[in-house]
1. Exactly one condition in (1) of a type outside the set (D, E, K, R); (2) out of contact with any Cys (no Cβ under 9 Å at 6 or more places or on another chain); (3) at pLDDT 80 or above; (4) in a helix (DSSP H, G or I) is not met by residue 50; state its number.
2. Go through the range 43-75 and give me each residue that's exposed (fewer than 13 other Cβ atoms within 10 Å of the Cβ) and in contact (Cβ under 8 Å) with a residue 40 or more places away in the chain.
3. For residue 36, which of the numbered conditions (1) surrounded by 10 or more Cβ atoms within 10 Å (Cβ to Cβ); (2) in contact with a helix residue (DSSP H, G or I) (Cβ under 8 Å, 6 or more places away or on another chain); (3) at pLDDT below 90 fails to hold?
Amino acid sequence: MKDEKHPGSFVHLEEKMTQLRKLWDDHPNLISWLILALGMVIIVVIAARNVGFTPSQWAALIAATIGLAGLCVWIISWEDGEDETQPAAPKSE
């Protein structure tokens, strides 16, 4: 049965999912960094909300957290590149 109130809503959702998939395929490390950084910043803010940091300390802490997330994604991506850059080992008979 067709939804008369929202015609094409599934088509719109499918287009958005296609765009997200293309973005992920084109820039997997950047998207991973964004998602990891967002999660880490949320956790840091929740964990340190009652510490009494000044705004500049919060800015430094959040910047360091975002940088750390980037380093984590970069280190994890090293393993992805090994398969592509290493030549195939010769088969022994």
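1. All conditions pass for residue 50, except number (4).
2. If the condition is that a residue be exposed (fewer than 13 other Cβ atoms within 10 Å of the Cβ) and in contact (Cβ under 8 Å) with a residue 40 or more places away in the chain, then 74 is the only one that fits.
3. Just one mismatch for residue 36, condition (3).
Residues are listed down the side, and each one gets a yes or a no for (1) assigned to a helix (DSSP H, G or I); (2) at pLDDT below 85; (3) not aromatic (Phe, Trp, Tyr):
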position: 2; (1), (2), (3): no, yes, yes
position: 17; (1), (2), (3): yes, yes, yes
position: 22; (1), (2), (3): yes, yes, yes
position: 62; (1), (2), (3): yes, no, yes
position: 65; (1), (2), (3): yes, no, yes
position: 73; (1), (2), (3): yes, no, yes
position: 77; (1), (2), (3): yes, no, yes
position: 81; (1), (2), (3): yes, yes, yes
position: 91; (1), (2), (3): no, yes, yes
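The values are calculated or read from the model by the stated rules, or taken from the named source; none is laboratory data. In this text, all values refer to a predicted model and were calculated from it rather than measured experimentally. Ideal geometry is used to build each Cβ from the backbone, glycine not excepted, and the neighbour counts take in all protein chains shown.
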